[in-house]
Amino acid sequence: MRLKSSILEKVFFQSRIPQMIFDYNFKDNVANEAFFQFIGYSKEEWDEVTLREISHPEDYQLDMQLYHEVFTGKRPSYQMEKRYFHKSGEIIWGSLNVTSIEDPDSQKKYFLAQIYDITEQKNLERVLTDNEQKYRLLADNSSDIINLYLPDGRFLYSSPSITQILGYDTDELTGDVPYHYIHPEDISYVQKKHMSLLENHHPILITYRFKHKNDTYIWVESSIRSIADEKTGEITGLISISRDITSRLEKDKLLQKSEKLAVVGQLAAAVAHEIRNPLTSIKGFIQLFSQTKECNEEYMKIVRDELNRVEEIISEFLTMARPQQEKNETLNIDELINQVITLLNTQAILVNKEIKYENVAANPLVRGDKNQLKQVFYQIIQNGLDALEEKGTVYIHLSANDGIIKVKVKDNGRGIPNERLKNIGEPYYSIKEKGTGFGLMTSFQIIENHQGRIEIDSIVGQGTVVSVTLPM
């Protein structure tokens, strides 16, 4: 066949789209250069190759069926995705569009085939499909719960482990929002974290209570990150990995109780030192009253002051030692630190050590458990005293800024080497000869539960700074 119009000939042969015109028997055909590049054969080689030879067997039959329907007039054209065998043996993909045309001179029917190379697109789809299958296999066999959400929090997907952990079917929560299942006391906290994730795009780690299908609540820890559009940066979804931490929290409570017993033992020694001095004074004045049979008002005032001091020390000891339910109340950190210093100061003085305290915070109020926070500051200040050599000072500085309260406890002791500093806070790791490491580990956990953090900086030979930050 010859293309008579010079314009049409140029359009056909210079097109970057692979094209071919042929008759019903494929004998009278012409193709452009883009077509030969697509299949890898030259024009001369193509004369010795059949369409069947370059067509994938699974696609050739459908191609011929549709081609016959166009030839018989059942349809004017057809389009399909088809695999071809390149001369190199590689399988290439083409989006084939075949249209029936007619030679106006001979009235003979011909067919125009245009092929769009979609090999790269199909390979990408295959990779994505393979990856999706791998991710699906990972999610389906994960012991943790993997959830996908819309940006507003509605469930899109839940992995099968949700059935084992929370009792729900994998599609039971689809379209619903997590806030219908989160414990009422935790909703505000989770909402703030959710908004923070949407605004800052930074991954978050949250701990909260989620309702089991049997209407009980289970403590869950979730690591959540955003999924953003690569071009616009807009968040298109959220993904979370969640696990049941009930047993871990129970173990943490046991560790806290065991550590509290150790703290109580240290407190008992401190209380003994604290009480001995005022009792000695009281005993001396009572013996003097007994001998003189006179009551000196000035001496009586000293006795009363000493008794009040003993009562204060015993009260603080009982507060720390008495088992109590966890509380979430408004606390003044300045008062709390002064109470801890009261317990430790006399013992420090007896061994030529001192505690210096400075407060530059106007109204340092936090929400939390008084008992637990006292335990933390007792532990940190006591560690500072223990780190001192024969003489030395522990400096405590309290400040508040931008909604954050910071307590810095600094000592001028021996310091901690860098290679050991990174392990501080782990169980069974301690820089003390007989330490278990539970003290600081428990302190880290308590502060974390109060939405704060502990940081430790140390220089060997110069001392250590422990910084505790808490939200106001």
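Structural remarks
- 3J(HN,Hα) along region 98-107: 10, 10, 7, 10, 10, 6, x, 7, 8, 6 Hz, from the Karplus curve 6.51 cos²θ - 1.76 cosθ + 1.60 with θ = phi - 60°, whole Hz, x for Gly and Pro.
- Spatial separation of Cα centroids for region 137-210 and region 77-113, in angstrom: 51 Å
- Out-of-range pairs (alpha-carbon distance over 22 Å; input Lys27/Lys108; Lys283/Lys374; Lys193/Lys410): Lys283/Lys374; Lys193/Lys410
- Amide H contacts of Tyr41: Lys87, each under 5 Å away and 5 or more positions distant or on a separate chain (H built 1.01 Å from N in the peptide plane; Pro and chain starts excluded).
- ³J(HN,Hα), Karplus 6.51/-1.76/1.60, whole Hz, each residue of region 336-348, x for Gly, Pro: 5, 5, 4, 5, 5, 4, 4, 6, 9, 5, 4, 4, 5
- Remark: region 171-177, residue by residue, has Karplus-estimated 3J(HN,Hα) of 9, 5, 9, 4, x, 8, 10 Hz, where x stands for each Gly or Pro and the curve is 6.51 cos²θ - 1.76 cosθ + 1.60 at θ = phi - 60°.
- Restraint check, Lys192/Lys406; Lys211/Lys231; Lys192/Lys356, Cα-Cα greater than 30 Å: Lys211/Lys231; Lys192/Lys356
Bear in mind these aren't lab numbers, they're just calculated from the coordinates by the rules spelled out. These figures come from a predicted structure and were not determined experimentally.
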